[in-house]
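Trainee: Next up is a structure, given as structure tokens.
The values are calculated or read from the model by the stated rules, or taken from the named source; none is laboratory data. Note that the structure is predicted; figures quoted are calculated from it, not measured. Note: ideal-geometry Cβ built from the backbone for every residue, glycine included; neighbour counts use all protein chains shown. Note: areas computed on protein heavy atoms with side chains; ligands, DNA, RNA excluded. Shrake-Rupley method; radii C 1.70, N 1.55, O 1.52, S 1.80 Å.
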Amino acid sequence: MSNKIFLLPIVGITTFFILLFLFTKFFGPISFSVNSVTTTKSTTFDVSGEGKVTAKPDTASVTAGIVSQSSTVKGAQDQINAVINKITSALKQAGVDSSDIQTTNYSVNPDFDYTGGTQKIKGYSASTNILIKVKQIDKINEVIDLSTANGANQVSGVSFDVADRTKLEDAARQKAVDSAKLKAEAAAKIAGFKLGRIINYSENTGGVSRPYPMAAIADLKVGGGTPTEIQSGSTDITINVTLSYEIQ
């Protein structure tokens, strides 16, 4: 009786391994996997700062528009091309580089007469814009007057900027970071926590030209009259930064 009791575990173990062998033979090995999940918890503190630098613009741009009408397509084109050439020649003589004069939005379209309920072409209109970049900013008024005196009948898009923004942006960035750090240190002292290392940095850059009076444009006399007086004002270069600190 004792021998039978002793043999039962052996028979069970042997049977298990035989079945395991048969299973792996016909169905392949049994895959075992162990997943290890590690979690970390980090408390952060975000603070923002703004830096602004004001500078006097040293470049400008203006768009001179030309519109012409004729009974034929060629006539409309000839008129507009003649004005383009006159304006371009005058600007070059005034010291504007040819690379800073760009023709844009050139188009020719039919003009329709709807009298009597019918559609009839009565002529053609041609239009274009000349985008002028003025690197000698004190010449912006002269450029506008030369354009209108030589046939431009529209003036728009006067804007001012700073050619080399890198140094100004760096100065604004330094102010923004200093401001953010001071805020972070003050908040940590008041709230009673300790700042760790900075783990993230982001920024947003913007530049705003202070507008000149709109009356300056309204007073333009196409083809002559009172000389144009547009003031460049100043340009604000602003950078906003966000610093993310670890809290220790």
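Trainee: Looking for something open to solvent by 50 Å² or more (accessible area, probe 1.4 Å) and at pLDDT 95 or above - is there at least one such residue anywhere in segment 56-67?
Mentor: Kept after step one, since they are open to solvent by 50 Å² or more (accessible area, probe 1.4 Å), are these residues of segment 56-67: 56, 58, 67.
Filter again for at pLDDT 95 or above, leaving 67.
Checked against the condition, which is being open to solvent by 50 Å² or more (accessible area, probe 1.4 Å) and at pLDDT 95 or above, segment 56-67 yields at least one hit.
Trainee: From THR43, THR15, which residue is touching a strand residue (DSSP E or B) at 6+ places or on another chain (Cβ under 6 Å), of a type in the set (S, T, N, Q), modelled with pLDDT under 90 and farther than 30 Å from ASP111 by Cβ?
Mentor: Details: THR15 fails: touching a strand residue (DSSP E or B) at 6+ places or on another chain (Cβ under 6 Å).
So the residue among THR43, THR15 that is touching a strand residue (DSSP E or B) at 6+ places or on another chain (Cβ under 6 Å), of a type in the set (S, T, N, Q), modelled with pLDDT under 90 and farther than 30 Å from ASP111 by Cβ is THR43.
Trainee: Right, another one. So the check is Cβ under 6 Å with 6+ separation or different chains; which pairs have a first residue in segment 138-158 that's modelled with pLDDT under 95 and a second one that's among the hydroxyl-bearing types (Ser, Thr, Tyr) and not in a loop (DSSP other than H, G, I, E, B)?
Mentor: Close Cβ pairs (under 6 Å, with a partner that is among the hydroxyl-bearing types (Ser, Thr, Tyr) and not in a loop (DSSP other than H, G, I, E, B)) amount to SER156/THR63; GLY157/THR63.
Trainee: Can you name the residue in segment 126-140 that is open to solvent by less than 40 Å² (accessible area, probe 1.4 Å) and among the aliphatic types (A, V, I, L, M) and, of all such residues, is farthest from GLU229 (Cα to Cα)?
Mentor: ALA126
Trainee: Given the condition in contact (Cβ under 8 Å) with a residue 24 or more places away in the chain and within 30 Å of ILE199 (Cα to Cα), answer yes or no: does some residue in segment 52-71 qualify?
Mentor: For segment 52-71, residues in contact (Cβ under 8 Å) with a residue 24 or more places away in the chain and within 30 Å of ILE199 (Cα to Cα): present.
Trainee: Considering only residues that are basic (Lys, Arg) and within 34 Å of the chain's Cα centre (by Cα), which ones fall in segment 76-122?
Mentor: The one that is basic (Lys, Arg) and within 34 Å of the chain's Cα centre (by Cα): LYS92.
Trainee: To continue, here is another question. Checking PHE23 against (1) at pLDDT 90 or above; (2) open to solvent by 70 Å² or more (accessible area, probe 1.4 Å): exactly one of these is not met. Which one?
Mentor: Among (1) at pLDDT 90 or above; (2) open to solvent by 70 Å² or more (accessible area, probe 1.4 Å), the lone unmet condition for PHE23 is (1).
Trainee: Can you say whether ALA76 is surrounded by 14 or more Cβ atoms within 10 Å (Cβ to Cβ) and closer than 20 Å to GLN231 by Cα, as far as the supplied structure shows?
Mentor: For ALA76, the condition - surrounded by 14 or more Cβ atoms within 10 Å (Cβ to Cβ) and closer than 20 Å to GLN231 by Cα - is not met.
Trainee: Scan segment 190-206 and report the pairs whose first residue is over 23 Å from GLY51 (Cβ atoms) and whose second residue is of a type in the set (Asp, Glu), with Cβ atoms within less than 6 Å and a gap of 6+ or a chain change.
Mentor: From segment 190-206, the pairs are GLY196/GLU246.
Trainee: Are there any pairs, at least 6 apart or on different chains, whose C-beta atoms fall under 9 Å, with the first in segment 100-125 and within 25 Å of ASN85 (Cβ to Cβ) and in contact (Cβ under 8 Å) with a residue 24 or more places away in the chain and the second open to solvent by 80 Å² or more (accessible area, probe 1.4 Å) and of a type in the set (A, V, I, L, M, F, W, C), and if so, which?
Mentor: ASP111/ILE121
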